[in-house]
Amino acid sequence: MNEDTRFAGAARSGQYVEQEDAPVEVPAAKASDAEAPAPEKEMKVTGSVAEESAAADTSMKSGALSLYNTDELEVMQPAKEGARGFWNKATGGLLSLSPARKELEARALVNNQEQFEALIRQSTWTRGVGVLIANKKGNAGKTPTCLSLAAILASVRGGSVAAVEFTDDKGQLAYRAEGDPALGVGELARDLKKVNTQSQLRGYTVTQTSFASVIGSTSRSRPPLTGQDVTGVSHLIDDYFTMRLMDTGNQYSSSAFTGALSVTDVLVIPTMNSMDSVFDALELLEFLEQRGGKSTLLARTAIIVRLSDGRPEFKASRIANFFLEKGITDKQIFAVPYDEHIAERGELSLKKLAEPTRHAFTAIAAAVVAQANKTITEESLKENKS
């Protein structure tokens, strides 16, 4: 593999550790959690169990997703991983040390994959669902997150998932996706009134091996998208697809971004484990809070996705505390481990993602679907009352 195509520092990813920083004051509830023994009955599934450094930080249960009870999980099996697993094997079974919290969480995650997938597959809605992927920081992981989530959702649901580029100017969605589009979002916005069937709409998409449909930009330049372009394309996609994932740009005040906000049900904010990326994610939450109404609700229910690119990182607890101060709960924060395939910055394919990465994105996809269920249910209740 050409080393120049990787993120800086990718060669060190196999042994990197999070950079130590100043002590962080951990809320009392978090501190008590760290001292508590691992629960025997119900385990919370995390999106970060595959990430050694984040899992070791007991002040942050990244992506804790209490969607399922895992009573049937054999948590009392002796440890097989880590130092405890080593001593169990070394003594030929004379020692029977119980698993550490990290191993228990990893077992729970694997155990619950089928349940996550069942939630993703079986959830239905009476209209299309819009998922916004946003962070104005460049290289924050928006496009990989959009494509990976779309791939998981489509592969589990059997298609009917579209990933669309709603950046103001031409973005990287088509470049990172499989295939080479003949037509894209610019042409679709131009031809909107001429597209009246699913077959016509498919001409502007590229189908992935995961069965997700990507609507990006072609190799040609395109005019900037307007809010009207975004809402028009969204409504058309919703006529023929169940879920619409929107890869957005870097300017929150732009017409295209505000148009995307108006057709969003669930907000996903990806961020690298660096302070510049995190601060831009926090700025988005502040921007949405100030807008009020639906935007405030999106901010408070946002799903935060922490990605790793192999470079030195800040402690997970410090990053978590910034989001906790904004009202985000630890159940809304997920971590995706370093994945060389993502770091290559080339074409992304679901089958090439590492297993821990797929597990993490499956947990995130389940959280997205669960939030969509809640949002649309509350919307229906309000409509019925009125």
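The values are calculated or read from the model by the stated rules, or taken from the named source; none is laboratory data. Please read these numbers as outputs of a predicted model, since none were measured by experiment. No Cβ is skipped: glycine too gets one built from the backbone with ideal geometry, and neighbour counts run over all protein chains shown. All accessible areas refer to the heavy atoms of the entire protein, side chains included, with ligands and DNA or RNA removed. Shrake-Rupley method; radii C 1.70, N 1.55, O 1.52, S 1.80 Å.
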Amide H neighbours of S210 at under 5 Å, excluding residues fewer than 5 places away on the same chain, with H built from the backbone geometry, are L350
Would you grab the residues whose amide H sits under 5 Å from the one on I303? Only those 5+ places off in sequence or on another chain, please, with H modelled 1.01 Å from N. L267, V268, I269
Taking amide H atoms as placed 1.01 Å from N in the peptide plane, list the residues 5 or more away in sequence, or in a different chain, whose amide H sits under 5 Å from that of M272. L307
Grab the other residues whose beta carbon is less than 12 angstrom from that of V206, score K and R as +1, D and E as -1, and report the net. -2
How much of the accessible area of the range 295-364, probe 1.4 Å, is carbon plus sulfur, in whole percent? 47
Carbon and sulfur: what percent of the range 90-232's accessible surface (1.4 Å probe)? 51
Between the residues G158, Q200, V233, the Cα farthest towards the positive end of the dipole of the range 82-238, that dipole coming from +1 and -1 charges on the beta-carbon of Lys, Arg, Asp and Glu, is from G158
Under unit Cβ charges (Lys, Arg +1; Asp, Glu -1), what dipole magnitude, rounded to 20 debye, does the range 305-386 have relative to its Cα centre? 180
Keeping all protein chains in place, calculate the accessible area per residue for the range 128-274 (probe 1.4 angstrom), answer in Å². 34
Lysine pairs meeting the criterion (Cα under 28 Å, 8 or more apart or interchain), as found in the range 252-366: 6
Between the alpha carbon centres of the range 334-375 and the range 156-235 the gap in Å comes to 21
